[in-house]
Amino acid sequence: MLMPVRNISSSFRGGGKDLQPYRNEILRKAAHLLALIIPAGMYILPKSHLLLILGLASATGVFLDMLRARLSVVNHWIIKFFGPLMRSREKSDPEAKVVFTGATWVLISAFLLVLIFPLHLAAASFAMFLVGDGAAALVGQRFGRIFWGRGNKTLEGSVAFMGAALLVMSIVPGVKFWIGTAGALSSCLAEAMPGPLNDNLRAPLLSAAVMALLEYPF
């Protein structure tokens, strides 16, 4: 259900508690674009090498997130260097519950994509999510007015996501455009709708699954 909201310049709700300056969101999404090196590597490196690299990177991210939830000095240094790239809910206090950062979820997502799916589908789904998610956040925060239900995502952001994802699918090799379109739509919906998993995980995995079912039907 779409709900118009007046006089709001961001696509995220929360009474200002979890809103960051727009420039911080730009930094976060610039980091997302830098992560495009991962799907590029999926076209170059063998699967065994990718699993090793991404497995170690994911394990490191999980370890650091667990450690910073227990040791204040680790938490302090991570926030000092990476604070502008983190949302407030990701800055866990010592002895608090473990909270994975978006970066950790991205690494886990990339690892699972490579583990489960053919590399060309893993690369396509991951690339379209990275670019689409960045477009959705920047457009949604600046121009978003119509929210999806009671969530924190906007129709305007979703339109930007879909457009950016389709652009990616028009240039990535190895995937038919109509299959890529279905993957883009499923990724867009998974990113916009609330779910039990982090959107950095559920959106690329759902997209890759949809494309795999269409490309390799039973």
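The values are calculated or read from the model by the stated rules, or taken from the named source; none is laboratory data. Quick caveat: nothing in here was measured; it's all calculated off a predicted structure. For neighbour counting, all protein chains shown are included, and Cβ atoms are generated from backbone atoms with ideal geometry for every residue, glycine included.
General observations
- Selected residue (only one of Arg150, Arg142 is at pLDDT below 90, in a helix (DSSP H, G or I) and at negative phi): Arg142
- Count - residues of region 167-180 that are assigned to a helix (DSSP H, G or I) and surrounded by 18 or more Cβ atoms within 10 Å (Cβ to Cβ): 4
- In region 202-218, the residues that are surrounded by 15 or more Cβ atoms within 10 Å (Cβ to Cβ) form Cβ pairs under 6 Å with partners that are assigned to a loop (DSSP other than H, G, I, E, B), at six or more places apart or across chains, as follows: Arg202/Gly195; Ala208/Phe117; Ala212/Phe117.
Conditions tested, residue by residue: (1) over 20 Å from Leu167 (Cβ atoms); (2) surrounded by fewer than 23 Cβ atoms within 10 Å (Cβ to Cβ).
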residue	(1), (2)
His120	no, yes
Phe126	no, no
Phe129	no, no
Asp133	no, no
Ile146	yes, yes
